[in-house]
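A.B. asks: The structure is given below, and queries will be raised subsequently.
The values are calculated or read from the model by the stated rules, or taken from the named source; none is laboratory data. As the structure is a computational prediction, the values presented were derived from the model and not from experiment. Glycine also receives a Cβ, built like all others from the backbone with ideal geometry; neighbour counts cover every protein chain displayed.
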Amino acid sequence: MTIQRKKVKGNFLNNHIKDYSIETSSISTILNSMADSGGFESRNLSDGVNILQTMQNDTRCTKFLSFVGALISTGARGIIRDMLRNQMFDCIITTCGALDHDIARTYDKYYPGDFRMDDSMLLKKKIHRLGNVLVPMNSYGPLIEEKVQTCLKDMYSNESKREVSTYEITDHIGSMLDESSFLYWAHKNNIPVIIPGIVDGAVGSQIWFFSQHHKDFKINILRDETMLSDLVYEAKKSGAFMIGGGISKHHTLWWNQFRGGLDYAVYITTASEWDGSLSGALIAEAISWSKVRTRAKQTTIHGEATMLLPFIYAALLESKKKS
């Protein structure tokens, strides 16, 4: 087997590697200096921030945000919330877990733990462990059941809301939560939140339980696809910030192939590309599927999202204040 080497065009010895000389507390300035640092993921982080800043300033661009549900169990929930409060994105694609954690943390608390805790001990104490986040059982299942059943009963009382899309369900849930919730701000700013895998989580299970006693209540996921179709085909340009892989990343890429691909794409992942997984696939791979345009501004940042997001968002805020 012959290994194909990447071809580099032009004179690639123009710019030399420069040492950091941090003389400012400006996040944007520090991130910009990463572009000249030579290695390794710092350059991708710098590129990613520049792409997101350009995307945010492009008024012709329809902007997608996708993320994995586990993110909402952490303090990064506040960054997602604030990005929606500041109307930085036009459409959200995420997982059912994001709904579960948003509801639970609106009404109760999660706690810091450790990756190496004794899970048998935690089970006896009725505490779930999500990585190094501790989720008391009473803050999760029973609470979500109560709040979602109340929400569904309220929807069902309106006869026109008995066959609904996931973005209609998430909008209604958001209308019943407070300002700490990302769903609340999506509702307030008319940003659709689409959940392709709605049944894969506590909220989805509660929808199923509700349907057992209300046989005419149905989820129409094709209505979600129609919403995405309208957004994509009407977009003059499109861009996406994808935080983590899986179904939320794939659904974002999938729909944008129908307009020839994303014009802007930034992806954060900890997964490796060598196993052929969707989560590990670099954004560049999506070019071969016409999900990202050949001339798109794109990059993949390898790193843990809860560590990177505060700096990325701070840089976007600095950029916004200057514009």
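A.B. asks: In the stretch 274-323, what residues are without any contact (Cβ under 8 Å) to a residue 40 or more places away in the chain, within 23 Å of residue 251 (Cα to Cα) and of a type in the set (D, E, K, R)?
C.D. replies: 275, 285, 291, 293, 295, 304
A.B. asks: Could you look through the stretch 111-145, keep only residues that are in contact with a Pro (Cβ under 9 Å, 6 or more places away or on another chain) and not aliphatic (A, V, I, L, M), and pick out the one that is surrounded by the most Cβ atoms within 10 Å (Cβ to Cβ)?
C.D. replies: 128
A.B. asks: In addition: I'm checking my understanding of the structure. Among residues of the stretch 44-76 that are among the β-branched types (Val, Ile, Thr) and farther than 10 Å from residue 264 by Cβ, which one is farthest from the chain's Cα centre (by Cα)?
C.D. replies: 59
A.B. asks: Looking at (1) touching a Ser or Thr at 6+ places or on another chain (Cβ under 7 Å); (2) assigned to a helix (DSSP H, G or I); (3) crowded, with 20+ Cβ neighbours inside 10 Å; (4) not hydrophobic (A, V, I, L, M, F, W, C), find the lone condition where residue 184 falls short.
C.D. replies: Failed condition: (1).
A.B. asks: Look at the stretch 243-286 and say how many of its residues are more than 21 Å from residue 58 (Cβ to Cβ) and of a type in the set (S, T, N, Q).
C.D. replies: Selection size over the stretch 243-286: 6.
A.B. asks: Restricting to the stretch 73-115, name every residue that is within 27 Å of residue 226 (Cβ to Cβ) and aromatic (Phe, Trp, Tyr).
C.D. replies: The answer is 89, and nothing else.
A.B. asks: For residue 261, work out the one condition from (1) crowded, with 24+ Cβ neighbours inside 10 Å; (2) of a type in the set (Gly, Ala, Ser); (3) over 30 Å from residue 137 (Cα atoms) it doesn't fulfil.
C.D. replies: (1)
A.B. asks: If I ask for residues that are of a type in the set (Ser, Thr, Tyr) and touching a helix residue (DSSP H, G or I) at 6+ places or on another chain (Cβ under 6 Å), which ones from the stretch 295-322 would you list?
C.D. replies: Applying the first criterion (of a type in the set (Ser, Thr, Tyr)) to the stretch 295-322 yields 299-300, 306, 313, 319.
Correct list: 299, 300, 313, 319.
A.B. asks: A further question follows. Taking the condition of being part of a helix (DSSP H, G or I), charged (D, E, K, R) and either buried (at least 18 other Cβ atoms within 10 Å of the Cβ) or within 17 Å of the chain's Cα centre (by Cα) (or both), how many residues in the stretch 281-319 meet it? Before the answer, list the steps.
C.D. replies: Filtering the stretch 281-319 down to residues part of a helix (DSSP H, G or I) leaves 283-289, 305-319.
Checking which are charged (D, E, K, R) leaves us with 285, 318.
Next cut, either buried (at least 18 other Cβ atoms within 10 Å of the Cβ) or within 17 Å of the chain's Cα centre (by Cα) (or both) only: none.
Total meeting the criteria: 0.
A.B. asks: OK, next. Looking at the stretch 50-66, which of its residues are in contact with a Phe, Trp or Tyr (Cβ under 8 Å, 6 or more places away or on another chain) and of a type outside the set (D, E, K, R)?
C.D. replies: Of everything in the stretch 50-66, those that are in contact with a Phe, Trp or Tyr (Cβ under 8 Å, 6 or more places away or on another chain) and of a type outside the set (D, E, K, R) turn out to be 51, 52, 54, 55, 61, 64, 65, 66.
A.B. asks: For the stretch 187-208, which positions are free of Cβ contacts under 8 Å to residues at least 40 places away in the same chain and either of a type in the set (S, T, N, Q) or loosely packed, with under 14 Cβ neighbours inside 10 Å (or both)?
C.D. replies: The answer is 190, 205, 208.
A.B. asks: Answer yes or no as to whether residue 314 is out of contact with any strand residue (DSSP E or B) (no Cβ under 8 Å at 6 or more places or on another chain), small (Gly, Ala, Ser) and modelled with pLDDT under 95.
C.D. replies: yes
A.B. asks: Shifting gears a bit: Answer yes or no: is there a residue in the stretch 95-110 that is farther than 21 Å from residue 176 by Cβ, surrounded by fewer than 16 Cβ atoms within 10 Å (Cβ to Cβ) and either among the charged types (D, E, K, R) or modelled with pLDDT under 95 (or both).
C.D. replies: No - not one qualifying residue is present in the stretch 95-110.
A.B. asks: From the list 166, 150, exactly one residue is surrounded by fewer than 16 Cβ atoms within 10 Å (Cβ to Cβ), closer than 30 Å to residue 89 by Cβ, of a type outside the set (A, V, I, L, M, F, W, C) and touching a residue at least 12 places away in the same chain (Cβ under 8 Å). Which is it?
C.D. replies: Checking each option against the conditions leaves just 150.
A.B. asks: So if I check each of 222, 278, which one is surrounded by fewer than 16 Cβ atoms within 10 Å (Cβ to Cβ), of a type outside the set (Lys, Arg) and outside any helix (DSSP H, G or I)?
C.D. replies: 278
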